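Structure first, then comments.
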C-alpha cells in the first residue's frame, strides 16, 4: 500500500492504518531499534510503541516521508529505553556511536544550550546536503540508522578504516559548521 | 547539549536524505589511481606514429595501455568485482582503456553475478550478501569477460571486456578481508620491475610536488615498501590519519609504469604509514632513513573543511 493511502487510514482513524504500517515498516523499524537496544524483545516492544506513537501523532501531523517519520519515533523511544536500562548490559556499539558524537559538541560537559530542535536539524540537513553523497550516506547510516562500522563498511564495500576516516572528518566538519552557524553545543 | 540530545536532533534531519541513505549502497571509491589520460594518450600517439613510420619494427610483448574516457563522476556505486578470492576495483572508476601492441587473449571467465541484486546471468537469484563474496560477482560490467593482461601474469591487474570496450581492474583486498602482506602486494603488482619513475603529489593528486626519476632512488623507495608491516590500527590512529589528511600531511606516491599507466599509494611520513589497496601498512624506520629526505620541504594546502 502506498504511504499516502496509509496516512489516509490514520486520518480516517481506521485501525487498519497500524496493520498496514506494520506490514510495510516493521522490519525497517525493528532494525533501527535493534541497532540501539541489541535485544530482540525490547526492540519489538519499542516498535509497537512507535506504531502507537504514530497513531497518536497522525493527525494532526501529516508526514511527508512515512518511513523517516516512523524511524524517528522508533529512534527516540529506543534512546529513552537505552537510558532506562542502565542496570542491564547495553549495546557497546551504540555507546560508541554516542561517544563519537561528542566530537560535534564543544564540550562533553552538559553545556546548558537549548536550541529549537527543528531549526538545528535544518542546519544539519543543509550541511549534509553540501557534502558528497557517499559521505553523507555513511554519516546517516551511522548516526541516524545506528549501523555498526562493519555493516557500513560492507554496505559501501569499503574498509572499516576508510569508514572511520570518513566519519571522523565529517564529525569535525559538522562541529565547525555548527559553530560557524552560531550553535554553541 | 549532550550527545544523547544531539543524537535526537540528528533524528529530525530532512526525511528525503534519510530515505536516500536507506537504500544507499556501495560508494564510488575516490580513485587510488590518478588520472593519467594525457600522458598515456601521448605515449599511445607516439607509439602509433612509430608503427606508422616503421611498420616492420617489432612491437613490445607488453601492451601500452591508454585511458580513453574520463573517470566517472565521484558519486554512485563503487565499481568492483571478485575474482580468484580477491576484490578488484575498476581503475579510474570504470574508465575505458585501449590496448596497443598486444590485446588480451587469455580468458579468465565471465562476470556472472550482479552484486547489487544478487541475480545471476542465468536468472538465478541468490542472497545479495552471499553474492558479494562470490567469484565473478561485480557491481559493474556484469556479463563482461575477464582477460589476463599480457605482462601481468600475477593477475594483479586484469582486463574486462564489456560491450566491445576494455576496462581495467586491480586488486585492492581479499574478498574474505584477510590480510595481504606488503611483500605479496608488491610482488603481485610487479612494481619493482615495472616502475619507470615516481611522482609525489598532494593528497588530492592534482599537484606534482616532486619527481623522483633516478633509478637508484626509485629502487630504494620500492625496496623500502617491502619491509612495511600490515597495520592493525586503533581508533585513535585512524583519527590521526584522517587528521593528517585534512592538515596536508598525506601525500600521494604515484608510480608511473612502463605500460603507460600508473598506480598510487598514500603515505603519511609523520605517522609512518602507507596505504596499498584498501589497507594500511606501517613503514620501517629504515625506509625513512633511506628515503625520508624526499618528503622534506614539501608543501601542500590543507584540504578545505567543506
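Read-outs throughout are calculated quantities, based only on the coordinates presented, and are distinct from any laboratory measurement. A quick note: this is a predicted structure, and the numbers were derived from the prediction, not measured. Because the Cβ atoms are built from the backbone with ideal geometry, glycine has one as well, and the counts that use them run over all protein chains shown.
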For region A:3-90, one quarter of the surface area of the C-alpha convex hull, expressed in nm², comes to 5.2
Reduced to Cα centres, the span from region B:271-286 to region B:216-235 in Å works out to 6
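If R0 is 25 Å, what FRET efficiency do you get for residue B:181 and residue B:215 from their C-beta distance, rounded to 0.05?
That pair, residue B:181 with residue B:215, gives E of 0.45.
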Summing -39500 (n - 2.57) over every DSSP H run of at least 4 in the protein assembly as shown, dividing by its residue total and rounding to the nearest 500, the 222 nm mean residue ellipticity is -13500 deg cm²/dmol
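Between residue A:103 and residue B:204, take the C-beta separation as r, use R0 = 41 Å, and let me know the FRET efficiency to the nearest 0.05.
Values: r = 23 Å, r/R0 = 0.57.
The formula returns an efficiency of 0.95 here.
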Note: probe point = Cα of residue A:2 + 7 Å toward Cβ; backbone nitrogen < 19 Å; residues of region A:35-71 passing the test are A:62-69
A correct Stokes-Einstein calculation for region A:93-180, using the alpha-carbon Kirkwood radius, 10 °C and 1.306 mPa s, returns a whole-number D in µm² s⁻¹ of 116
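Sort A:72, B:4, A:169 so that the residue with the fewest other Cβ atoms within 10 Å of its own Cβ comes first and the one with the most comes last.
Final ranking by Cβ density, sparse to dense: B:4, A:169, A:72.
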Quick calc: nm separation of the 7 Å Cα→Cβ label points for residue A:93 and residue B:196 -> 4.7
In whole percent, the Cα-Cα distances of chain A spread across 5 Å bins from 0 upward as 1, 7, 14, 17, 17, 18, 14, 8, 3, 0
FRET efficiency for residue B:227 and residue B:165 from the Cβ-Cβ distance with R0 = 45 Å, rounded to 0.05, comes out at 0.70
Relative contact order of region A:3-90 (C-alpha contacts under 8 Å, at least 6 apart) in percent is 34
Of region A:54-70, those with amide N under 16 Å from the point 7 Å along the Cα→Cβ vector of residue A:12 are A:59
Note on the protein assembly as shown: alpha-carbon gyration tensor, axes a ≥ b ≥ c; rule is a/c under 1.5 for rounded, else prolate if a/b larger than b/c, else oblate; result prolate
Here the relative contact order (percent) of chain A, from C-alpha pairs under 8 Å and at least 6 apart, is 21
Residue separation between residue B:235 and residue B:154 times 0.36 nm, minus their alpha-carbon distance, gives in nm 25.8 nm
